[in-house]
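Everything on this sheet refers to the single structure shown next.
The values are calculated or read from the model by the stated rules, or taken from the named source; none is laboratory data. Keep in mind that this is a model prediction, so the values were computed, not measured. All Cβ positions, glycine included, derive from the backbone under ideal geometry; neighbour counts span all protein chains shown.
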Ligand SMILES: Nc1ncnc2c1ncn2[C@@H]1O[C@H](COP(=O)(O)OP(=O)(O)OP(=O)(O)O)[C@@H](O)[C@H]1O
Ligand SMILES: [Mg+2]
């Protein structure tokens with residue numbers, strides 16, 4: 001094991017005498033250190049995945065509370081005001097209702113966004129490339145940031161975990177761009193080879209100084225965690241004033 005201690009399991013079996021009864025019991029020891037190590041590794045991975053999922057649930061609940069709930073509460077108030085104030089003319093009423101309609105559409109988009117984060121059903125229906133393209137389009141519309149999506153040589157049949165991991169890394173990277181980068185444009189690229197698949201998400205925003213080991217938020221941490229669970233590599237390169245690039249590369253043999 002990691003501490004150098006080896007683990008053995010004793011296997012015993014009876015040896016019958018001439019009369020058929022057990023005359024003696026023989027036994028041998030099997031070295032089960034490797035099996036124990038594998039079990040321990042699997043347990044650690046499961047615990048880490050559970051933590052990543054817990055973090056994700058917490059963030060989704062925060063988004064529901066901070067964004068959707070606030071929007072709906074605002075809508076309820078404005079509707080109440082419209083009813084109480086009784087607009088003087090049909091034109092004024094129409095104006096008020098049109099504003100409300102726009103806000104309802106925005107709230108519906110937020111709800112759709114949260115649903116996506118819970119389970120990107122498009123991944124199952126359309127596959128990674130089409131699902132990502134559609135997500136990038138939605139994001140661009142929602143946030144007013146131009147997103148250029150490109151893909152090449154992405155295997156048609158990708159393991160579910162790999163597709164879902166790359167989808168989530170894109171979601172978090174784009175969300176970081178909307179929240180922190182102040183960028184006008186973002187570039188999402190997905191490229192496959194026979195052995196690996198690589199995702200990059202770049203922006204032309206303000207950049208930052210990534211601090212190794214520092215945990216400002218949970219987004220970067222959970223992206224790293226997800227990629228490393230699939231034996232992939234994850235990196236962020238950024239400099240103040242020079243934009244940011246997030247890269248995730250996952251070996252396909254994990255398929
Ligand atoms: N594209 C980017 N442009 C500029 N700064 C960024 C970008 N991505 C991340 N950052 C910086 O890195 C920090 C950590 O990002 P991270 O996603 O881990 O946390 P967060 O977005 O602040 O919070 P959350 O837990 O909700 O994701 C951010 O607070 C921001 O300062
Ligand atoms: Mg973040």
### Task
Tell me, please, whether a residue that is more than 14 Å from ligand 2 (Cβ to nearest atom) and touching a residue at least 60 places away in the same chain (Cβ under 8 Å) can be found in the range 142-154.
no
## Note on the structure
Those residues of the range 130-154 which are part of a loop (DSSP other than H, G, I, E, B) and surrounded by 15 or more Cβ atoms within 10 Å (Cβ to Cβ) amount to 145, 154
## Note on the structure
Across (1) part of a strand (DSSP E or B); (2) surrounded by 14 or more Cβ atoms within 10 Å (Cβ to Cβ), residue 210 clears everything bar (1)
### Query
Has the range 58-71 got at least one residue that is within 22 Å of residue 217 (Cα to Cα), modelled with pLDDT of 90 or more and assigned to a helix (DSSP H, G or I)?
yes
### Task
Taking residue 201 as the residue in question, decide whether it is touching a residue at least 12 places away in the same chain (Cβ under 8 Å), within 11 Å of ligand 1 (Cβ to nearest atom), in contact with a strand residue (DSSP E or B) (Cβ under 8 Å, 6 or more places away or on another chain) and assigned to a strand (DSSP E or B).
yes
### Task
Looking only at the range 230-248, decide whether some residue is closer than 27 Å to residue 67 by Cα, within 16 Å of ligand 2 (Cβ to nearest atom) and loosely packed, with under 15 Cβ neighbours inside 10 Å.
no
#### Entry: Qualifying residues in the range 240-255 (those that are modelled with pLDDT of 95 or more and away from ligand 1 (no atom under 16 Å from the Cβ)) - the one farthest from residue 188 (Cα to Cα)
251
### Query
Out of (1) touching a residue at least 40 places away in the same chain (Cβ under 8 Å); (2) assigned to a helix (DSSP H, G or I); (3) within 20 Å of residue 119 (Cβ to Cβ), the odd one out for residue 174 is which?
(1)
## Note on the structure
Every listed condition ((1) at pLDDT 95 or above; (2) more than 14 Å from the chain's Cα centre (by Cα)) holds for residue 211 save (1)
### Task
Tell me, please, whether a residue that is surrounded by fewer than 17 Cβ atoms within 10 Å (Cβ to Cβ), outside any helix (DSSP H, G or I) and touching a residue at least 12 places away in the same chain (Cβ under 8 Å) can be found in the range 113-121.
no
### Query
Which numbered condition trips up residue 218, out of (1) within 16 Å of ligand 2 (Cβ to nearest atom); (2) free of Cβ contacts under 8 Å to residues at least 40 places away in the same chain; (3) surrounded by fewer than 21 Cβ atoms within 10 Å (Cβ to Cβ); (4) over 27 Å from residue 125 (Cα atoms)?
(2)
### Message
Looking at the range 180-198 only, could you name the residues that are closer than 24 Å to residue 115 by Cα and either in contact with a helix residue (DSSP H, G or I) (Cβ under 9 Å, 6 or more places away or on another chain) or part of a loop (DSSP other than H, G, I, E, B) (or both)?
### Response
186, 188, 190
### Task
Those residues that are within 10 Å of ligand 2 (Cβ to nearest atom), over 14 Å from the mean Cα position of the chain (by Cα) and crowded, with 16+ Cβ neighbours inside 10 Å, I need them from the range 176-207; list them, please.
177, 178, 180
### Task
For the range 19-33, indicate whether the set of residues that are surrounded by 11 or more Cβ atoms within 10 Å (Cβ to Cβ), within 30 Å of residue 162 (Cβ to Cβ) and at pLDDT below 90 is non-empty.
no
### Task
Could you tell me whether the range 156-165 includes any residue that is at pLDDT below 95, in a helix (DSSP H, G or I), surrounded by fewer than 17 Cβ atoms within 10 Å (Cβ to Cβ) and away from ligand 1 (no atom under 12 Å from the Cβ)?
yes
### Message
Tell me the residue from 222, 173 that is within 13 Å of ligand 1 (Cβ to nearest atom), under 17 Å from the mean Cα position of the chain (by Cα) and modelled with pLDDT of 95 or more, please.
### Response
173
